[in-house]
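Participant: Attaching a single structure in structure tokens format; questions to follow.
The values are calculated or read from the model by the stated rules, or taken from the named source; none is laboratory data. From a predicted model like this one, the values you see are computed outputs, not experimental measurements. Ideal geometry is used to build each Cβ from the backbone, glycine not excepted, and the neighbour counts take in all protein chains shown.
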């Protein structure tokens, strides 16, 4: 365990420019206007139907014909077009997709790590698109650091075929949106996936310059969405999961609480959270819907921690040698939901095919805790 690893010094010395970009032409997945219950048109995307109207911030997904829904989480691919050190990330993405055949891919940020941003984005995300799998991205802190702004990076991603990446206007950040999962039998929403933009760096004067935080207006947006979904569900919160890049301060607190936390997997470095606690975790507890938080950012960690009735879960480093990475081989996290069943199953698939940390949440953690 490398608790004192200096990630900032490594990353500063590792950025590498690439080559010129390529032109963008493609389509966008259907989107459902948030908070409305209008009659929707269905469009086939991959193995699922995605219903909606183009242009807003919510996509409706459905369990597959086997009553399952499998999410493949990539994180920290740090891809640079034309850089031979990036080949391991691209190979990993292709292998994970072919081994797991997911219903949805969620990338929790730091997709790229150098210029040209557009070509880098298209090369690392196109294998998902080519397999006609819907995919969603929550941007990381590095994605805007090259020759495109954060909004321009989002605009490129949304044009790649089968991208369901979206935005919500009027609040901080770019990739703030919700995905809903429903039964194809009765169209009833049974899960909600909130993707949030954890932003780039500290923005408040007199706060040490460090990693970004999720702002108050983003939290207010989440609370209002949660309230609407709870109301639509007869006053019962809908089981939900949050996906974003930078861990919360509570990730750090949970990792240090040996008495009250249950941990499985590898914690290979100190938690790289923001120094600002904007209160998202408290809001999640008050709204009573978020059951697990999935993040990336800390390349040497792939652990799951159960603390204060919340799962704090890292993805598996999916990247390459443009950045530090001691957690080898690379791979991806898988989250599998079963229609009519509470909780979820999750495992890590390693490049080469090995499966590790195959856990049923929350049952296996309850046994460990007791």
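Participant: For region 327-340, does any single residue satisfy the condition of being under 23 Å from residue 260 (Cα atoms) and either touching a strand residue (DSSP E or B) at 6+ places or on another chain (Cβ under 7 Å) or at pLDDT 95 or above (or both)?
Facilitator: For region 327-340, residues under 23 Å from residue 260 (Cα atoms) and either touching a strand residue (DSSP E or B) at 6+ places or on another chain (Cβ under 7 Å) or at pLDDT 95 or above (or both): absent.
Participant: For residue 143, which of the numbered conditions (1) over 18 Å from residue 77 (Cα atoms); (2) assigned to a loop (DSSP other than H, G, I, E, B); (3) free of Cβ contacts under 8 Å to residues at least 40 places away in the same chain fails to hold?
Facilitator: (1) is the only condition that residue 143 fails.
Participant: Test residue 152 against the stated conditions and say whether it is assigned to a loop (DSSP other than H, G, I, E, B), more than 15 Å from the chain's Cα centre (by Cα) and either touching a residue at least 40 places away in the same chain (Cβ under 8 Å) or surrounded by fewer than 22 Cβ atoms within 10 Å (Cβ to Cβ) (or both).
Facilitator: Considered against the rule, which asks whether it is assigned to a loop (DSSP other than H, G, I, E, B), more than 15 Å from the chain's Cα centre (by Cα) and either touching a residue at least 40 places away in the same chain (Cβ under 8 Å) or surrounded by fewer than 22 Cβ atoms within 10 Å (Cβ to Cβ) (or both), residue 152 comes out as no.
Participant: From the list 276, 290, exactly one residue is surrounded by 18 or more Cβ atoms within 10 Å (Cβ to Cβ), more than 25 Å from residue 327 (Cβ to Cβ) and within 20 Å of the chain's Cα centre (by Cα). Which is it?
Facilitator: Among 276, 290, only 290 is surrounded by 18 or more Cβ atoms within 10 Å (Cβ to Cβ), more than 25 Å from residue 327 (Cβ to Cβ) and within 20 Å of the chain's Cα centre (by Cα).
Participant: Condition (residue is at pLDDT 95 or above, part of a loop (DSSP other than H, G, I, E, B) and within 20 Å of residue 243 (Cβ to Cβ)) applied to region 114-128: is it met by at least one residue?
Facilitator: So far as region 114-128 goes, no, none of its residues is at pLDDT 95 or above, part of a loop (DSSP other than H, G, I, E, B) and within 20 Å of residue 243 (Cβ to Cβ).
Participant: Let me ask something additional. Among the listed residues 187, 169, identify the single one that is part of a loop (DSSP other than H, G, I, E, B), out of contact with any helix residue (DSSP H, G or I) (no Cβ under 7 Å at 6 or more places or on another chain) and at positive phi.
Facilitator: Just one listed residue meets the conditions, 187.
Participant: Please go through region 81-113 and pick out each residue that is in a helix (DSSP H, G or I) and either in contact with a strand residue (DSSP E or B) (Cβ under 8 Å, 6 or more places away or on another chain) or without any contact (Cβ under 8 Å) to a residue 60 or more places away in the chain (or both).
Facilitator: Result: 84, 86, 89, 90, 92, 93, 94, 96, 97, 98, 99, 100.
Participant: Just one of the numbered conditions (1) at pLDDT 95 or above; (2) surrounded by fewer than 19 Cβ atoms within 10 Å (Cβ to Cβ); (3) more than 24 Å from residue 155 (Cα to Cα) is not true of residue 181; which one?
Facilitator: (2)
Participant: What is the number of the single condition among (1) more than 20 Å from residue 359 (Cα to Cα); (2) touching a helix residue (DSSP H, G or I) at 6+ places or on another chain (Cβ under 6 Å); (3) surrounded by 17 or more Cβ atoms within 10 Å (Cβ to Cβ) that residue 305 does not meet?
Facilitator: (1)
Participant: So, of the residues in region 353-363 that are outside any strand (DSSP E or B) and touching a residue at least 24 places away in the same chain (Cβ under 8 Å), which turns out to be farthest from the chain's Cα centre (by Cα)?
Facilitator: 353
Participant: Return the residues of region 57-91 that are at pLDDT below 95 and under 19 Å from the mean Cα position of the chain (by Cα); say none if nothing qualifies.
Facilitator: 57, 58, 59, 60
Participant: When you go through (1) at pLDDT below 95; (2) in a strand (DSSP E or B) one by one for residue 367, which number turns out not to apply?
Facilitator: So residue 367 meets the others, but not (2).
Participant: Kindly provide the set of residues from region 207-249 that are over 21 Å from residue 165 (Cα atoms) and surrounded by 23 or more Cβ atoms within 10 Å (Cβ to Cβ), ordered by number.
Facilitator: Correct list: 248 only.
Participant: Which residues, taken from region 175-200, are without any contact (Cβ under 8 Å) to a residue 40 or more places away in the chain and under 17 Å from residue 280 (Cβ atoms)?
Facilitator: If the condition is that a residue be without any contact (Cβ under 8 Å) to a residue 40 or more places away in the chain and under 17 Å from residue 280 (Cβ atoms), then 175 is the only one that fits.
Participant: Residue 203: outside any helix (DSSP H, G or I), within 22 Å of residue 121 (Cβ to Cβ) and without any contact (Cβ under 8 Å) to a residue 40 or more places away in the chain, yes or no?
Facilitator: When the stated conditions are applied, residue 203 does not pass them.
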